[in-house]
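Peer 1: Below is one structure. I have some questions about it.
Every number here is computed from the coordinates shown, using simple stated rules; none is lab data. The structure presented is a predicted model; accordingly, all values stated were derived computationally and were not measured. Reconstructed Cβ throughout: ideal geometry from the backbone, glycine too, with neighbour counts over all protein chains shown.
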Amino acid sequence: MATNRTFTMIKPDATQENHIGGILSMIEAGGFRIVALKKTLLTAERAGEFYAVHKERPFYGDLVKYMSSGPIVAAILEKDNAVADFRTLIGATNPAQAEEGTIRKKYAKSIEANAVHGSDSDENAQIEGNFFFGANEQF
Ligand code: RTP
Ligand code: MG
């Protein structure tokens, strides 16, 4: 399988509660290489733009408010089969359904405050990574 990239965010609840190191450790232990990394605050406008695909979903307004409520940590990750393997590592969206050993099982608090984001396709991984990082920030 080709080495490729995915994009993740450590969401405001996990960042606030000092789980940045714990989550990055699980990511590296899972075989992912960190290509780019930054802590930043999304404005509501930028969060709305990032999640524009969910505009019609009932949770969109709350999601935008939550994702702009405090700093996040954004990262581009590299591994064979990165998108699918990362979604396996983070577990189900709803932590009540997340498998043992997953990041969400360990750190998520609710279906919304679920600790991490993971891209859902190679195409979106590239779009999302470029939303946060310039070419000179990806190594
Ligand atoms: P993500 O995009 O963050 O990796 O999560 P996902 O693919 O597992 O879930 P998705 O359907 O893309 O939803 C994006 C984020 O919206 C929040 N959400 N809230 N209140 C709700 O019912 C609800 N459903 C989803 C979560 O923060 C979810 O990760
Ligand atoms: Mg998603």
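Peer 1: Quick check on the range 59-81. Is at least one of its residues within 12 Å of ligand 1 (Cβ to nearest atom), out of contact with any Asp or Glu (no Cβ under 7 Å at 6 or more places or on another chain) and closer than 12 Å to Met9 by Cα?
Peer 2: The answer is yes; a qualifying residue exists.
Peer 1: Right, something else. Name the single residue that is farthest from Ile72 (Cα to Cα) among those in the range 116-139 being more than 9 Å from ligand 1 (Cβ to nearest atom) and buried (at least 17 other Cβ atoms within 10 Å of the Cβ).
Peer 2: If we take residues in the range 116-139 being more than 9 Å from ligand 1 (Cβ to nearest atom) and buried (at least 17 other Cβ atoms within 10 Å of the Cβ), then Ala125 is farthest from Ile72 (Cα to Cα).
Peer 1: Pairs under 8 Å by beta carbon, first residue within 24 Å of Asn81 (Cα to Cα) and without any contact (Cβ under 8 Å) to a residue 60 or more places away in the chain in the range 103-126, partner away from ligand 2 (no atom under 11 Å from the Cβ) and acidic (Asp, Glu), six or more apart or different chains?
Peer 2: Pairs found: Lys105/Glu99.
Peer 1: Moving on. Quick one: which helices (runs of 4 or more DSSP H) lie wholly within the range 76-139 and hold at least 3 residues that are away from ligand 2 (no atom under 16 Å from the Cβ) and in contact with a helix residue (DSSP H, G or I) (Cβ under 8 Å, 6 or more places away or on another chain)?
Peer 2: Of the helices (runs of 4 or more DSSP H) lying wholly inside the range 76-139, those with at least 3 residues that are away from ligand 2 (no atom under 16 Å from the Cβ) and in contact with a helix residue (DSSP H, G or I) (Cβ under 8 Å, 6 or more places away or on another chain) span 103-107.
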